[in-house]
Structures are given as structure tokens and as C-alpha cells.
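What follows draws every value from the coordinates through simple rules; no lab data is involved. Computed from a predicted model, the values in this text were never measured in an experiment. Note that each Cβ is placed from the backbone with ideal geometry, even for glycine, and that neighbours are counted across all protein chains shown.
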Amino acid sequence: MAQALHELTGETGPLFTAAEAALATGVRGFVEGANALADLGPAAARIAPALRAALGRTIDSDTSAEIDADLALALALWRITGEASEVVPVLASVFDRCEGQRWSHWTTARAAREIAALGPAGRPLTGRLHALLDDPAQAPSAVLGLLAVADPGSLDRARLAEAALHSAETRADLNGACDALRALGSAALTPEQHDRLAALAEGDRRLVLYGSDHAMIREDEQLRAALTSALPAAARDTAGAC
């Protein structure tokens, strides 16, 4: 209710009260409180100590719930304080604690995508992001993170395109792969990658394998359109004429 009241009236008092109460309840409350405050930015500065206190209770733990909480708390602190020196080590620990743990697979992918909010301030995390490129399910998020935080001159865009394209071809993260390929732009594709993307977008094989027939057809069409949009303009025209 406090969140709805803030959205309707702009009143922050009840939202602060609710967020502080959530931050005092435990791991689930940490995520709820952090998410409620993140969009307020510097206006929530007076709640930053409560976020730090919550973070101090989870930073040395490695359950999925606690790592999720650290991610939410760190990103909220970044949006509120803009202190990279405080936030980047926490985010680095999220990647380090998730490494090799299948149960933390999606937490890592979400972290890779969401650290894009840091921009160049997240540059110390580029090594962690590069390490995710070989996993088709995490690669698209890693590509999006790298495009936002890494030194542009250091990026091998063809390698990033390969990671995103492989993810699409294996159906590991089709939606994420579409986002990553569009963010890279068609100029990042080698001729061979261009042909593979065109085959994927225009081929007969269904992209979406699960769901009701109607939903699968609709999602399949949306994904093909998204993949086609990552092709060069001339190829898009050709695809549209087929």
C-alpha cells in the first residue's frame, strides 16, 4: 500500500516507514525494502544506513536467498548514494559466491544484466562478466553488462555476438539473446554470424518449444521479428519480402 500511495501522490513518508520495517525482518524483507527504495534515488539517502546494516547481515553468507538480497541491496545503494567503492565489492562477491553453483545460475545472469546501471563505474567487474560468456544461459546478460560497463575499445564485439548467437541457437535464453544482438548492432556480426542469424530468424524450425499452441505461435513470431531486427537493413528487407 505504501508503494501504491507513493506512486499516486509522491508521498515518501509511508514508503520509508514500510521499507525500514521490511529491512528489519530478514532476507525476504531485505529484497522488498531495497526494491521499494531503489527507484527513489538520492531522495532515499536517509535510509542508506538501514540498507548497509541489512547488507552487513548477509555479505558472508552464500545461500541463494542471501545472494539475491545482496544484489538487491547493493543496487539500491548505488542508485541512492552513487558510491561505487561501496557497491562494486559487494557485486563482485555476488559473482564469486555464485561461481560453479547451478542453483545460483539465474542470480548471476540477473546480476550481469542489472550492473549495467553502474555504467563505467562497474568496470572492475568486466572480468566476472567475461567469465560468463561461455555459458549460453548467462551469455546474453553478460553481453549487455559488458556493453554498459567495459571500456568500449577493449571489447571484441564479434566474440560477444558469437556468445549471444550461440545462446539463441541453443534456445538457452532467446529473449536475452535478442536483446544482446540488438544492443550489439548488425555491424558486430561477421558474415558467417550474419548467415546463422538469418537462418535462425527465417528458418522453419520453431523457436519456442513450450506452452499452449496460441501462445507459442505469438511468442515465436515476436522472437523472429526481434532477431530479424538485429540483421543489417538490406537483409531485413529481404526477409520481409519472403
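Find the relative contact order for region 102-181 and round it to a whole percent, using C-alpha pairs within less than 8 Å whose residues are 6+ positions apart.
Computed over region 102-181, the figure is 31 percent.
Work from the charge dipole of region 75-196 (Cβ charges, +1 for Lys and Arg, -1 for Asp and Glu, about the Cα centre) and give the residue of Leu160, Ser186, Pro89 farthest towards its positive end.
Comparing the listed Cα positions along the dipole, Pro89 ranks first.
Among residues other than Pro140 whose Cβ falls under 15 Å from its Cβ, what is the net charge (Lys/Arg +1, Asp/Glu -1)?
Values: positive: Arg110, Arg113, Arg157, Arg159, Arg171, Arg182; negative: Glu114, Asp134, Asp135, Glu162, Glu169, Asp173, Asp179.
Neighbour charge sum, excluding Pro140 itself: -1.
When the chain is fully extended, how far beyond the present Cα-Cα distance does Arg182 get from Ala53, taking 0.36 nm per residue of separation?
Stretched out fully, the Arg182 to Ala53 stretch lengthens by 42.5 nm.
Between Ala225 and Thr17, what length comes free when the chain is fully extended (0.36 nm per residue of separation minus the Cα-Cα distance, one decimal in nm)?
Result for the pair: 70.4 nm of gain on full extension.
Quick check: net charge around Asp179, other residues with Cβ under 11 Å of its Cβ, Lys/Arg +1 and Asp/Glu -1?
Numbers: positive: Arg113, Arg182; negative: Asp173.
Its environment carries a net charge of +1.
Using only Cα atoms, locate the centre of region 64-103 and the centre of region 180-203, then give the distance between them in Å, rounded to an integer.
Here the answer is 32 Å between Cα centres.
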